[in-house]
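Peer 1: Okay, handing you the structure first.
The values are calculated or read from the model by the stated rules, or taken from the named source; none is laboratory data. Note that the structure is predicted; figures quoted are calculated from it, not measured. Every residue, glycine among them, receives a Cβ derived from its backbone with ideal geometry; neighbour counts consider all protein chains shown. All accessible areas refer to the heavy atoms of the entire protein, side chains included, with ligands and DNA or RNA removed. Shrake-Rupley method; radii C 1.70, N 1.55, O 1.52, S 1.80 Å.
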Amino acid sequence: MKVSDNFRNHSSGITKVFYAFSAGKPKMILSARGPNLELSSLLRYAPGNTPYLSPNVGDRTNAQLQRGEWHLVEYVIRSSSSPGVPDGSKQWWLDGVLVGDYSGLDTHHAGESLSWDSVQWNTIWGGVGDEVTEEDGDMFWWASHFYAAGRKR
């Protein structure tokens with residue numbers, strides 16, 4: 001992926017980029033946080049509604065997207081073996097460097113399918129408030145190649 005040179009993050013500090021859907025909901029989300037566009041993750045619509053997960057491996061500056069440069073982003077997610085069992089995980093890499101590694105995640109509520117329904121590249125800038133101004137100019141995120149694969153647990 002590549003972020004335009006002039007990109008500024010929303011005042012909330014969040015730009016969501018990639019979503020993995022399960023049970024019809026965006027459960028695993030990859031995002032860029034803060035002014036330095038730190039590649040982070042979120043587990044949503046799951047038991048405990050886990051907050052944003054910051055990079056937790058090595059030097060956190062390795063997890064920052066440099067504007068105007070192409071980056072290789074890899075994201076591996078694994079759902080729980082059954083609802084209520086915290087054995088799900090997620091890892092993400094930026095330019096071949098592991099920057100986030102979380103295990104022990106409870107990803108699904110009772111009665112939900114444990115499979116991943118779909119994945120989606122859909123950049124969403126921020127939340128409530130703030131706006132892109134004429135001074136900002138047009139801001140972009142590009143994707144060159146997108147590959148998704150899955151297998152049963």
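Peer 1: In a GNM of the chain with a 10 Å cut-off on Cα contacts, which of Trp116, Trp93, Trp141 has the highest mean-square fluctuation?
Peer 2: Looking only at Trp116, Trp93, Trp141, the biggest GNM fluctuation is shown by Trp141.
Peer 1: Ok, one more. Which FRET efficiency, nearest 0.05, do Arg67 and Ser103 yield, Cβ-Cβ r, R0 30 Å? Before the final figure, lay out the partial values.
Peer 2: Values: r = 32 Å, r/R0 = 1.05.
Rounded to the nearest 0.05, the efficiency is 0.45.
Peer 1: If the only charges are +1 at each Lys and Arg Cβ and -1 at each Asp and Glu Cβ, what is the size of the charge dipole of region 62-116 around the Cα centre, to the nearest 20 debye?
Peer 2: Values: 3 positive and 7 negative charges, 12 e Å.
It works out to roughly 60 debye.
Peer 1: May I pose another question? Can you tell which of Thr15, Thr61, Thr107 shows the greatest fluctuation in a Gaussian network model of the chain with Cα springs below 10 Å?
Peer 2: Of the options given, Thr61 has the highest mean-square fluctuation.
Peer 1: Then there is this: Taking θ as phi - 60°, what are the ³J(HN,Hα) couplings along region 64-71 by the Karplus curve (6.51, -1.76, 1.60), each to the nearest whole Hz, with x for Gly and Pro?
Peer 2: Each residue's phi maps through the Karplus curve to give 9, 6, 8, 4, x, 10, 6, 10 Hz.
Peer 1: Taking the chain as a Gaussian network, Cα atoms linked when under 10 Å apart, which of Ser41, Ser80, Ser31 shows the biggest mean-square fluctuation?
Peer 2: In this elastic network of the chain, the residue with the biggest mean-square fluctuation among Ser41, Ser80, Ser31 is Ser80.
Peer 1: Taking Rg/Rh (Cα atoms, Kirkwood Rh) as the quantity of interest, determine which of (1) 0.97; (2) 1.31; (3) 1.07 was computed from the displayed structure.
Peer 2: Step by step, Rg/Rh (Cα atoms, Kirkwood Rh) for this structure corresponds to label (1).
Peer 1: Efficiency by 1/(1 + (r/R0)^6): what FRET value for Val85 and Glu134, r their Cβ-Cβ distance, R0 = 41 Å, to the nearest 0.05? Don't skip to the end; give the middle numbers.
Peer 2: Values: r = 51 Å, r/R0 = 1.25.
It comes out at approximately 0.20.
Peer 1: Follow-up question, since we're still on this one. Using the Cα centre of region 20-153 as the reference point, and only Cβ charges (+1 on K/R, -1 on D/E), how large is the resulting charge dipole? Debye, rounded to the nearest 20.
Peer 2: Details: 11 positive and 16 negative charges, 175 e Å.
Its charge dipole is roughly 840 debye.
Peer 1: Of all the accessible heavy-atom surface of the chain, with the other protein chains kept in place and a 1.4 Å probe, what percent is carbon and sulfur? Write out the running numbers ahead of the final one.
Peer 2: Working: 4150 of 8300 Å².
Taking all protein chains in place, the chain shows 50 percent carbon and sulfur surface.
Peer 1: Determine, for each peptide in 1-8, 71-78, 128-135, the mean count of other beta carbons within 10 angstrom over its residues, then list the peptides with the highest first.
Peer 2: Values: 1-8: 17.2, 71-78: 15.4, 128-135: 8.8.
Ranked by mean Cβ neighbours within 10 Å, highest first: 1-8, 71-78, 128-135.
Peer 1: How far apart, in nm, are two points set 7 Å out from the Cα along the Cα-to-Cβ line at Asn6 and at Ala149?
Peer 2: Result for the modelled spin labels: 3.9 nm.
Peer 1: Residues with beta-carbon under 15 Å from that of Asn62, excluding Asn62: net charge, scoring Lys, Arg +1 and Asp, Glu -1? Display every interim value, and only then the final one.
Peer 2: Working: positive: Arg33, Arg60; negative: Glu38, Asp59, Glu69, Glu74, Asp95, Asp101.
Within the 15 Å Cβ shell, the charges total -4.
Peer 1: Projected onto the charge dipole of the chain (+1 at Lys/Arg Cβ, -1 at Asp/Glu Cβ, origin at the Cα centre), which of Gly126, Phe21, Ser79 gives the Cα projection farthest towards the positive end?
Peer 2: Of Gly126, Phe21, Ser79, it is Ser79.
Peer 1: Here is a follow-up. Around Ser22, with a cut-off of 10 angstrom between Cβ atoms, what is the net charge of the other residues, counting Lys and Arg +1 and Asp and Glu -1? Intermediate values should be presented prior to the final figure.
Peer 2: Numbers: positive: Lys25, Lys27; negative: Glu112, Asp117.
Within the 10 Å Cβ shell, the charges total 0.
Peer 1: Find the accessible area per residue for region 27-134; the probe is 1.4 Å, ligands and nucleic acids are left out, and the unit is Å². Numbers along the way, then the final one.
Peer 2: Working: 5410 Å² over 108 residues.
On a per-residue basis, region 27-134 sits at 50 Å².
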